[in-house]
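Worksheet: one structure, shown below.
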Amino acid sequence: MRSFGRLALVLVVACAPGAGEETTTTPGAPSTTRVLVPTTSTTIEPADPSAGCSEDEGFVDAGRVMSAGQATSDTNTLGPIAWLVEDECERLTVQFETTEGAPATTPPAVIVEFLDSRQVLRIRVDVGSTVVTDQLMETPLVDRLFVVRALDGRMFIDLHLHGPAQARAEVSMSPARLTVELEAGVQALDTAAIIGGNTVLISPSDGEQPPAGVIEIAGYARVFEANVLVVASIGSRTVAQTTATAADWAETWGEFRAPIQLPPGEVSLFVGEESPADGSRVGPTINLTVR
């Protein structure tokens, strides 16, 4: 039997108000408007000291964790996310809401799975909107989470892990909720996602050695007007450049994918945006050895 501590905290994650617009005017040029995306906030509430993680088996550390489908659901929105942290276990609870913002009774289709690197636990949910965008968690197991609109219009939640973990998940009805439990794993992680500015690069990974030719860039971003810039360089010479359109940027993070053709050599790959202030590049840069 696991041993749990007597004290716990629940982190309730939700968007804070404050989205708006900022207008910049340059003499001799038309004014430009940049939407200020809403920030997120964390409130700490007392947790039920008797609420621990499940004693049931069923934890997995790679691949598919759980898949649940519903013939019909009154869920439209991904609601608040609560986080319970205890000695050996962490529990995430996602509430689902109707179009009117009331608690839903039937959960949507849900798939929980580790990405191939196992550094990210992805929760796919069949909803159209969200009240949560992202949160820096800094718990023993989870660094941060992002809520992303997928290219198919649905949503997913990515949990970026500090280290190896194992997970189990279940959905419940009336009210509709998803519960994910995490414990520490033992296998070392293969690679890590790269985060910079308003861009998260999932693949390729830093130091990868792909063959020359077309490779796919994948990740998500909240860059201005959803325009993601991809630039490949060898030394000071640009060898390839393209743009991708993210699935969202105003409400939440948007998934993007972009093919780019790379020649052999030591390639520096930038993914992100150009700053509207001074044109500098803002986003992650990785190094690839293209064979």
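The phi torsions of the stretch 196-208, fed into the Karplus equation with coefficients 6.51, -1.76 and 1.60 and a -60° offset, translate into couplings of x, x, 9, 9, 10, 9, 8, 8, x, 9, 4, x, 5 Hz, rounded to whole numbers, with Gly and Pro shown as x.
Counted residue by residue at 0.36 nm each, then reduced by the alpha carbon distance between them, the extension gain from Ser205 to Leu151 reaches 17.4 nm.
Each 10 Å bin from zero holds the following percent of Cα-Cα pairs in the stretch 210-253: 24, 44, 26, 6. Each listed q (0.15, 0.22 Å⁻¹) maps to a log10 I(q)/I(0) for the stretch 81-176, found by the Debye formula over equal Cα scatterers with no solvent: -0.61, -1.28. Here the stretch 194-290 is assigned +1 on the Cβ of each Lys and Arg and -1 on the Cβ of each Asp and Glu. Its dipole about the Cα centre then comes out at about 220 debye. With a simple spin-label model that places each label point 7 Å from the Cα along the Cα-to-Cβ direction, the separation between Glu266 and Thr99 comes to 5.7 nm. The fewest-to-most ranking of Phe59, Phe146 by surrounding Cβ atoms within 10 Å reads Phe59, Phe146. With a ≥ b ≥ c taken as the square roots of the eigenvalues of the C-alpha gyration tensor of the stretch 194-290, please select rounded if a/c is under 1.5 and otherwise prolate if a/b is larger than b/c or oblate if it is not? Because a/c hits 1.5 or more and a/b exceeds b/c, the stretch 194-290 counts as prolate. The Cβ shell under 12 Å around Gly63 holds other residues with a net charge of 0, Lys and Arg each +1, Asp and Glu each -1. Peptides 131-144, 243-256 ranked from most to least packed, by the mean per-residue count of other Cβ atoms within 10 Å: 243-256, 131-144.
Every number in this text was worked out from the coordinates using simple rules, so none of it is lab data. It should be emphasised that the depicted structure is a prediction, and the values quoted were computed from it without experimental measurement. Don't worry about glycine lacking a Cβ; one is built from the backbone with ideal geometry, like all the others, and counts go over all protein chains shown.
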